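This report refers to the structure that appears directly beneath it.
The values are calculated or read from the model by the stated rules, or taken from the named source; none is laboratory data. The shown structure was predicted, so the numbers you read here are calculated from the model rather than taken from an experiment. Heads up, the Cβs are rebuilt from the backbone with ideal geometry, glycines too, and the neighbour counts pull from every protein chain shown. When the accessible area is computed, the model is the full protein with side chains, heavy atoms only, and any ligands, DNA or RNA have been set aside. Shrake-Rupley method; radii C 1.70, N 1.55, O 1.52, S 1.80 Å.
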Amino acid sequence: MIRFTIKYISTLLLILSVGFPADDGLKVGDQAPSFYLITLDGRNFFISDELKKGKPIFLNFFATWCGPCKKELPDLYEMSQSYKNVSFYLIDVSNLEQNGKKLVEDPQEVKALLEKMEIEFPVLMDKYGLIAKKYGAFILPKTVIINPEGILIFEQTGIISKDDPELIQALQAP
């Protein structure tokens, strides 16, 4: 009887967990969390100051060890050149865990990667992974776009396509 009950409860929990999507807490239409980070070149970055410029903000969470992140960098750079009305930023994420091991990014490796790929991007260093957590960037890459009012208008986990209609619409939004 106990064996049947445990099996029944386990099956029920499995069905319920598959039936409902995971909620990372941040969705399109939500107010974007505010944050402060240091740039790769050592300057202070406050997202509130950036929002005052009245331009959408494109944030791409990445890491040097992330293959899909490196694969999409040329497309991100191309988009940054095409959409001058948008402020593009890479957020280099440290302190994520993989196989029980904390992954810490070396700023020199970030510089070397961008130089090797001949890509110029402002990079924000998320040394402790706190901003990644605020934005639900538990899997990299993750991209979000925030409108000038501070509202999240686009979010996607995984490689983005520069031809994605939703992405294009968010980049062209006033």
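The table for this structure:
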read-out: Within-13-Å neighbourhood charge of residue 84 [Cβ basis; K, R +1; D, E -1]; value: +1
read-out: Cα centroid separation, the stretch 27-71 to the stretch 128-174 (Å); value: 9
read-out: The stretch 50-174: translational diffusion in µm²/s, Stokes-Einstein, Kirkwood Rh over Cα pairs, 20 °C, 1.002 mPa s; value: 146
read-out: Percent carbon-and-sulfur accessible area, the stretch 23-174, ignoring ligands, DNA and RNA, probe 1.4 Å; value: 51
read-out: Residue-count net charge about residue 43 - beta-carbon cut-off 14 Å; Lys, Arg +1, Asp, Glu -1; value: -3
read-out: DSSP bridge pairs, the stretch 21-98: antiparallel proportion in percent, nearest 5; value: 35
read-out: Probe 1.4 Å, protein heavy atoms only - accessible area per residue of the stretch 75-143 in square angstrom; value: 55
read-out: Burial order of peptide ranges 63-75, 126-138 (average beta-carbon count within 10 Å, highest first); value: 126-138, 63-75
